[in-house]
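All remarks here apply to the structure that follows.
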Amino acid sequence: MKRQRGVLEDLDQLEKISKMDIVKEAGKIMENRSASYGPSDDTNTRAAEIASVILQKKITCDDIYVFEVALKLARESFTHKEDNFLDGVCYMKLWNDHRNKLEELKKITVEND
């Protein structure tokens, strides 16, 4: 039976990633998370809806992406960990993809009017 890697082993592996590989590694992480948790836009839209109910004010999918990036930066301000940058790159990429989708939808809507 194959032994699963532990959290400390995963963190050790992250520390070995060169700065040039951070974007490539972030891409792998995004693929794995998408397979496990579904599309990030769907997840963040649901999170925004839940937060809106709790806070009793409108929270958007964009707000959730901002929060995710801010959380990684806040964690990094306490202790440097490569994981903060990997996740931050992932969240920025996903946020950029989300913004691009919104722009495309705007173009399609304008063209159809």
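Here, each number is a calculation from the coordinates, and none is a lab measurement. Not measured: the values here are computed from a predicted model. Counting neighbours? That spans all protein chains shown, and the Cβs are built from the backbone with ideal geometry, glycine included.
For this structure, a couple of remarks:
- In this entry, region 20-112 is assigned a mean projected area of 7.9 nm², taken as a quarter of its C-alpha convex hull surface.
- Residues 59, 29, 50, sorted so that the one with the fewest Cβ neighbours within 10 Å comes first: 50, 29, 59
- Note that region 25-39 has calculated 3J(HN,Hα) couplings of 5, 4, x, 5, 4, 4, 4, 5, 5, 4, 5, 7, 10, x, x Hz, one per residue in order, obtained from phi through the Karplus relation 6.51 cos²θ - 1.76 cosθ + 1.60 (θ = phi - 60°); glycine and proline are x.
- Residue exposure sequence - 67, 78 - by fewest surrounding Cβ within 10 Å: 78, 67
- Greater than 23 Å apart at Cα, pairs in 28/93; 28/57; 58/106; 81/101: 28/57; 81/101
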